[in-house]
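A.B. asks: Sharing a structure with you now.
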Ligand SMILES: [Zn+2]
């Protein structure tokens, strides 16, 4: 054996398993109460909580958007990921307008392959529904890109019409893919942005006024309706859901037999709109915006009850200078690049604010951070499960370690965090990716380019 984990308490969606774990060639090969195997490396995990390596289904590394490119490339971004116990990211390919999806896939592979430390899969953002685009979808699915993201906002950049969404959803579904949707009513948002700017209301907090909850709920209803017209074979989820009502829309369809789901992110669970009123509020601008504490409560409730299917980070990092567009003063809210860091803090935020406070069970945390994500993105059972034959990917959490979050303890290519000063108990102290220790004692030791592309296949939801 290459690696033997002694006295591991591994949490699974069905409950914890106390065992020894043997690993050979990157895979879990034996699990038993007391293994007698010889191994080149033995790690005693007494007192630690072991989770299947997280599958962060929502990252934007080297993402060209709003006239700039995100500060975390695939090296810095996956360095942050593995430090947080994330062993697989699923990143969004963003093809330039008018370009071939297949070419964009090749570009993302050549950007990522030499740099990644975590393993990774890919989603495809589709920004037009031309015959050429539609024709490429089956080929992409054959390359392992089985999930596609469609936007109902960012008019002129990424937004699609309802007709285009219908056409793409049909094509993706016919070929066995999954449709992810950014659900906000982009037309009305643009009207509101214009109104606020004309009144001189340009501070970051007005970002949230121009993107009210109703516009997420309306868009969710609309896209679920479009999907339902195409039948129960459609697999669809709403990315970064920020309202309980959007979850309720998808749940109501699910009760009728549709495979409709929601993803949320940690920042909607723990931050509220006041973040945008801070002196550094520009750093917090993302879409959808943070909501009220009442909405946070609704999201925690729906996460705890299993109605929210996955938690991804929406890791989309811009430096403070990028957020300011390299000016001395903060630009109007609509010019601030949208996005916040998050892949490294999924586990501590969910564990401290969710599990420790009794809002979610550890089993639910495992389901939403690895098991469900791997199934939805077609990476299961290689990823997202603790089983014989699966990749030996683990996050090892010290449940009693208290850490004050500051930029110094994190690994992104920026000098701030949206959780600065927040103290959490429960911290990732070791990450194992395919049987190799890639993070321990605060240091990322996995080498650049050692991560692998994991092609998606049939989504099992
Ligand atoms: Zn995103």
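The values are calculated or read from the model by the stated rules, or taken from the named source; none is laboratory data. Just so it is clear, the model here is predicted, and its values are computed rather than measured. Note that we place each Cβ from the backbone using ideal geometry, even for glycine, and neighbour counts take in every protein chain shown.
A.B. asks: If I filter the range 15-36 for residues that are outside the structural domain of residue 331 (by TED's automatic domain parsing), within 27 Å of residue 389 (Cβ to Cβ) and in contact with a helix residue (DSSP H, G or I) (Cβ under 8 Å, 6 or more places away or on another chain), do I get at least one hit?
C.D. replies: Taking every residue of the range 15-36 in turn, at least one turns out to be outside the structural domain of residue 331 (by TED's automatic domain parsing), within 27 Å of residue 389 (Cβ to Cβ) and in contact with a helix residue (DSSP H, G or I) (Cβ under 8 Å, 6 or more places away or on another chain).
A.B. asks: What's the total number of residues in the range 414-451 that are surrounded by fewer than 17 Cβ atoms within 10 Å (Cβ to Cβ), touching a residue at least 24 places away in the same chain (Cβ under 8 Å) and either on the phi > 0 side of the Ramachandran plot or under 18 Å from the mean Cα position of the chain (by Cα) (or both)?
C.D. replies: Final tally of qualifying residues: 2.
A.B. asks: Mind checking whether some residue in the range 370-379 is buried (at least 22 other Cβ atoms within 10 Å of the Cβ), farther than 28 Å from residue 429 by Cβ and more than 16 Å from the ligand (Cβ to nearest atom)?
C.D. replies: The answer is yes; a qualifying residue exists.
A.B. asks: Going by what's in this entry, would residue 82 be described as within 25 Å of the chain's Cα centre (by Cα), under 25 Å from residue 374 (Cα atoms) and assigned to a strand (DSSP E or B)?
C.D. replies: So residue 82 fails the test.
A.B. asks: Those residues that are assigned to a helix (DSSP H, G or I) and farther than 16 Å from residue 398 by Cα, I need them from the range 355-365; list them, please.
C.D. replies: Listed by number, the residues that qualify are 363, 364.
A.B. asks: Got a number for residues in the range 45-73 being assigned to a strand (DSSP E or B), within 13 Å of the ligand (Cβ to nearest atom) and more than 19 Å from residue 89 (Cα to Cα)?
C.D. replies: 1
A.B. asks: Over 21 Å from the mean Cα position of the chain (by Cα) and at positive phi: which single residue out of 281, 257 fits that description?
C.D. replies: Testing whether each residue is over 21 Å from the mean Cα position of the chain (by Cα) and at positive phi leaves just 257.
A.B. asks: Please specify each residue of the range 23-44 satisfying the condition of being in a loop (DSSP other than H, G, I, E, B) and either without any contact (Cβ under 8 Å) to a residue 12 or more places away in the chain or crowded, with 16+ Cβ neighbours inside 10 Å (or both).
C.D. replies: Once the filter is applied, which keeps residues that are in a loop (DSSP other than H, G, I, E, B) and either without any contact (Cβ under 8 Å) to a residue 12 or more places away in the chain or crowded, with 16+ Cβ neighbours inside 10 Å (or both), the range 23-44 yields 26, 35, 36, 39.
A.B. asks: Scan the range 173-217 residue by residue and report those that are touching a residue at least 60 places away in the same chain (Cβ under 8 Å), assigned to a helix (DSSP H, G or I) and within 16 Å of the ligand (Cβ to nearest atom).
C.D. replies: Selection gives 207, 216.
A.B. asks: Right, here's the next one. Within the range 241-256, can you find the residues that are closer than 17 Å to residue 179 by Cβ and part of a loop (DSSP other than H, G, I, E, B)?
C.D. replies: Selection gives 241 alone.
A.B. asks: Take residue 55 and decide whether it is at pLDDT 95 or above and under 30 Å from residue 130 (Cβ atoms).
C.D. replies: Considered against the rule, which asks whether it is at pLDDT 95 or above and under 30 Å from residue 130 (Cβ atoms), residue 55 comes out as no.
A.B. asks: Please specify each residue of the range 146-172 satisfying the condition of being away from the ligand (no atom under 16 Å from the Cβ) and closer than 13 Å to residue 93 by Cα.
C.D. replies: 146
A.B. asks: Here is a further query. Just to verify a result, which residue in the range 108-133, among those that are surrounded by 24 or more Cβ atoms within 10 Å (Cβ to Cβ) and in a strand (DSSP E or B), is nearest to the ligand (Cβ to nearest atom)?
C.D. replies: 123
A.B. asks: Separate question: Scan 214, 195, 191 and give me the residue that is within 23 Å of residue 272 (Cα to Cα) and out of contact with any strand residue (DSSP E or B) (no Cβ under 8 Å at 6 or more places or on another chain).
C.D. replies: Checking each option against the conditions leaves just 214.
A.B. asks: May I ask you to verify whether residue 237 is closer than 23 Å to residue 56 by Cα, within 16 Å of the ligand (Cβ to nearest atom), modelled with pLDDT of 95 or more and out of contact with any strand residue (DSSP E or B) (no Cβ under 7 Å at 6 or more places or on another chain)?
C.D. replies: No: the conditions fail for residue 237.
A.B. asks: Related question: For the range 75-107, enumerate the residues that are free of Cβ contacts under 8 Å to residues at least 60 places away in the same chain, in contact with a helix residue (DSSP H, G or I) (Cβ under 6 Å, 6 or more places away or on another chain) and within 16 Å of the ligand (Cβ to nearest atom).
C.D. replies: Listed by number, the residues that qualify are 93, 95.
A.B. asks: Ok, one more. Within the range 272-308, which residues are assigned to a loop (DSSP other than H, G, I, E, B), more than 16 Å from the ligand (Cβ to nearest atom) and closer than 28 Å to residue 64 by Cα?
C.D. replies: Listed by number, the residues that qualify are 272, 278, 279, 280, 291.
A.B. asks: Filter the range 151-166 for residues that are surrounded by 17 or more Cβ atoms within 10 Å (Cβ to Cβ), outside any loop (DSSP other than H, G, I, E, B) and free of Cβ contacts under 8 Å to residues at least 40 places away in the same chain and give the result.
C.D. replies: 151, 159, 164 - these are the residues of the range 151-166 that are surrounded by 17 or more Cβ atoms within 10 Å (Cβ to Cβ), outside any loop (DSSP other than H, G, I, E, B) and free of Cβ contacts under 8 Å to residues at least 40 places away in the same chain.
A.B. asks: Can you give me the number of residues within the range 309-342 that are more than 16 Å from the ligand (Cβ to nearest atom) and assigned to a loop (DSSP other than H, G, I, E, B)?
C.D. replies: Of the residues in that region, 11 qualify.
A.B. asks: Condition check: under 26 Å from residue 127 (Cβ atoms), away from the ligand (no atom under 16 Å from the Cβ) and buried (at least 23 other Cβ atoms within 10 Å of the Cβ). Does residue 227 satisfy that?
C.D. replies: Answer is yes for this residue.
A.B. asks: How many of the residues making up the range 291-310 are surrounded by 24 or more Cβ atoms within 10 Å (Cβ to Cβ) and farther than 19 Å from residue 56 by Cβ?
C.D. replies: The total comes to 0.
A.B. asks: Step by step: first the residues of the range 380-401, then only those that are in contact with a helix residue (DSSP H, G or I) (Cβ under 9 Å, 6 or more places away or on another chain) and under 30 Å from residue 70 (Cα atoms), then the one that is surrounded by the most Cβ atoms within 10 Å (Cβ to Cβ). Which residue is that?
C.D. replies: Out of the qualifying residues, it is 393.
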